[in-house]
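Notes to accompany the following structure.
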Amino acid sequence: LGVAVLAKLCRDAAALLGEAYEPEIVELHHEKKGDAPSGTALMLGRQIARSRGWNFDEAACFGRQGKVGPRPAKSLGLHAVRGGTAIGEHRVLFLGPGETLELTHRAESRETFARGAIRAALYLVGKKPGRYEIADAVGAWLFEWGTLPLAVVLLAMTAAVFVSMSRTYTTRLQDRII
């Protein structure tokens, strides 16, 4: 639910603050995460771009290196950090004249994803077969993943839960052996 609220706050902040506030997204995940930037960071970037009427693919700047010159207008920075066992953190900065607004979501446990998957599954109980999106389960006014089917989101969340559960079980077995 926290990422859903962050997405809405990003859309609102982008619209309310205007072009004078330049957006940057910094995301942090564990050392084993294979993609960068994360899907959540990309989704947040798309929300900001859409709110400002920008084309995300043209606005996105993935990291910076070397002599990049002044920041281009209508640009959106995305930066990925990998290391340790961090479950996930997304910081969205709106850097303005004389001040910075920072919005942060930090997942402290994979159980958070399990609760979201359960909430989405409960939404589906009694529904007719068809294509549902995460926005249907959480509320379209709050959460907009675009056209990502709910089944894909549920599958990803379920996989995260099983990984978390297997690590917990393995740790408990190791504790008993030792």
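Rule-based calculations on the coordinates, nothing more; no lab input. Only a predicted model underlies this, so the values are computations on that prediction, with no experimental measurement involved. Here the Cβ positions follow ideal geometry from the backbone for every residue, glycine too, while neighbour counts run over all protein chains shown.
If I model a spin label as a point 7 Å beyond the Cα along the Cα-Cβ vector, how far apart are those points for ILE118 and GLU102 in nm?
Distance between the two pseudo-spin positions: 3.3 nm.
Pop a pseudo-label 7 angstrom from the Cα along the beta-carbon direction at both LYS8 and THR85 and give the gap in nm to one decimal.
Each label point is offset 7 Å from its Cα along the Cβ direction, giving 3.4 nm.
Enumerate by residue number the GluC sites (Glu not before Pro) in the stretch 1-71 meeting two conditions: DSSP loop (anything except H, G, I, E, B), and at most 16 other Cβ atoms within 10 Å of the site's Cβ.
GLU19, GLU31
Which order do the peptides 101-112, 120-131, 41-52 come out in when sorted by mean C-beta neighbours inside 10 angstrom, highest first?
Output ranking for 101-112, 120-131, 41-52: 41-52, 101-112, 120-131.
SER75 label point, 7 Å along Cα→Cβ, cut-off 13 Å on backbone N: hits in the stretch 33-66?
From the stretch 33-66, the list is 58-66.
For the stretch 1-142, what is the charge dipole size about the Cα centre, in debye to the nearest 20, if Lys and Arg each add +1 at the Cβ and Asp and Glu each add -1 at the Cβ?
The dipole magnitude comes to about 400 debye.
Along the Cα→Cβ direction, 7 angstrom out, place labels at PHE62 and GLU19. What is the inter-label distance in nm?
With each label point 7 Å from Cα toward Cβ, the separation is 2.7 nm.
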